[in-house]
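Engineer: The structure's right below; bear with me while I get my questions together.
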Amino acid sequence: MSMVARFAAPLALALAFAFPAAAQQKEKEYEPQVGQAGKDVIWVPTPDEVVDRMLRMAQVTPNDFVVDLGAGDGKIAIAAAKKLGARSLGIEYNPDMAKHAQRNVDKAGVAGRAKIVQGDIFATDFTQATVVTMYLLPALNLKLRPQILSMRPGTRVVSHSFSMEDWAADETSSMDGRRAYLWIVPANVMGGWTLEAGSERSELTFEQKFQKIEGSVALGPIQAGLRDARLRGFQISFAYVDNAGVRRDFSGRVSGNRMEGSFRTESGAEGRWSAAKK
Ligand SMILES: C[S@@+](CC[C@H](N)C(=O)[O-])C[C@H]1O[C@@H](n2cnc3c(N)ncnc32)[C@H](O)[C@@H]1O
């Protein structure tokens, strides 16, 4: 056998293995740089203690589906799955970063619950999220706001560093000079409702600005102002003092064009109430 023939076969075999290995090696070697360009915002990772507070303030449980908008290296999606047992999705525009983040998910052993997809947050559906996390920019938060406000009432939204302008946060936490904000998507109760409580029927009106509500109830010719009106996601509570001077307290849930719950009065009456949007 010639020298060429003796080496040709093993060489071909070696090359066949060497090239895929080299390609894999190259993929593994991708090292993101803090400050690198993204589509709408650069990559800067959220520090671990802030990630932890964001997920705690959103009260993430294994029943949640957490979506991180602009996933970076995947750390928020990974923490949600690994520490709190949630399902999670990270949406990352940079394809190299998305692959890198998915590898981090695999390495963290949470591939069954967490996933990274390459995509634009403004073109990817995240309406199924029960918790949305973000570390973007004020203008991007505002651009996302209408979409967030149309999500299911009760959806929790947490943002590292940046607020939502006149939509005041339900909680602001700070640590090491950094802030994290929480909002709970409120139900829409604005307008007129017909209230039925026991055998009585009356007309309720709510004014609403994000989660802040106030209102009144028609008691004959009197528009009696509501007291302690509160909306938290789909949970509502309010009270009024009737024409006999007795305070009546209502609490319940909003579901689209209906509300229902229980009431009690200072005079000791209790019962169920419901209201239908006019
Ligand atoms: C400030 S980093 C935050 C990363 C991660 N969420 C964290 O808190 O550690 C923002 C990330 O959003 C990505 N990004 C920028 N514009 C985007 C867009 N339109 N769609 C998806 N990802 C985007 C960037 O590539 C970057 O990784």
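Engineer: Given the residues ALA123, ALA168, which is the only one that is in contact (Cβ under 8 Å) with a residue 12 or more places away in the chain, exposed (fewer than 15 other Cβ atoms within 10 Å of the Cβ) and out of contact with any Ser or Thr (no Cβ under 8 Å at 6 or more places or on another chain)?
Structural biologist: Every option except ALA168 fails the conditions.
Engineer: Scan segment 182-194 residue by residue and report those that are surrounded by 19 or more Cβ atoms within 10 Å (Cβ to Cβ) and either over 17 Å from GLN59 (Cβ atoms) or free of Cβ contacts under 8 Å to residues at least 24 places away in the same chain (or both).
Structural biologist: Result: ALA187, VAL189, TRP193.
Engineer: For segment 264-278, enumerate the residues that are of a type in the set (A, V, I, L, M, F, W, C) and surrounded by fewer than 15 Cβ atoms within 10 Å (Cβ to Cβ).
Structural biologist: First, the residues of segment 264-278 that are of a type in the set (A, V, I, L, M, F, W, C): 269, 273, 275-276.
Selection gives ALA269, ALA276.
Engineer: I need a count of the residues in segment 148-165 that are of a type in the set (S, T, N, Q) and without any contact (Cβ under 8 Å) to a residue 24 or more places away in the chain.
Structural biologist: Count: 1.
Engineer: Could you tell me which residue of segment 44-92 is farthest from the ligand (Cβ to nearest atom), considering only residues that are buried (at least 16 other Cβ atoms within 10 Å of the Cβ) and basic (Lys, Arg)?
Structural biologist: Only one residue tops the list, namely ARG87.
Engineer: Identify, please: which residue in segment 93-115 is among the charged types (D, E, K, R) and touching a residue at least 40 places away in the same chain (Cβ under 8 Å) and is, among those, least open to solvent (accessible area, probe 1.4 Å)?
Structural biologist: ARG103
Engineer: Let me ask you something else. Among the residues of segment 152-161 satisfying the criterion of being crowded, with 17+ Cβ neighbours inside 10 Å and not in a strand (DSSP E or B), which is nearest to the chain's Cα centre (by Cα)? Give the derivation first.
Structural biologist: Within segment 152-161, the subset crowded, with 17+ Cβ neighbours inside 10 Å is 153, 155-161.
With not in a strand (DSSP E or B) added as a condition, the list becomes 153, 155, 161.
Values: PRO153: 11, THR155: 5, SER161: 15 Å.
So the residue we want is THR155.
Engineer: Out of segment 126-136, which residues are free of Cβ contacts under 8 Å to residues at least 60 places away in the same chain and open to solvent by 20 Å² or more (accessible area, probe 1.4 Å)?
Structural biologist: THR127
Engineer: Kindly evaluate ALA139 against the criterion of being within 13 Å of the ligand (Cβ to nearest atom), surrounded by fewer than 21 Cβ atoms within 10 Å (Cβ to Cβ) and hydrophobic (A, V, I, L, M, F, W, C). Write out each step before concluding.
Structural biologist: Details: within 13 Å of the ligand (Cβ to nearest atom): yes; surrounded by fewer than 21 Cβ atoms within 10 Å (Cβ to Cβ): yes; hydrophobic (A, V, I, L, M, F, W, C): yes.
Considered against the rule, which asks whether it is within 13 Å of the ligand (Cβ to nearest atom), surrounded by fewer than 21 Cβ atoms within 10 Å (Cβ to Cβ) and hydrophobic (A, V, I, L, M, F, W, C), ALA139 comes out as yes.
Engineer: When you look at ARG201, is it modelled with pLDDT of 95 or more, out of contact with any Phe, Trp or Tyr (no Cβ under 9 Å at 6 or more places or on another chain) and over 22 Å from ARG152 (Cβ atoms), yes or no?
Structural biologist: So ARG201 fits the description; yes.
The values are calculated or read from the model by the stated rules, or taken from the named source; none is laboratory data. None of the values given here were measured: they were computed from a predicted structure. Glycine also receives a Cβ, built like all others from the backbone with ideal geometry; neighbour counts cover every protein chain displayed. Side chains are part of the model used for accessible areas, which takes the heavy atoms of the whole protein and leaves out ligands, DNA and RNA. Shrake-Rupley method; radii C 1.70, N 1.55, O 1.52, S 1.80 Å.
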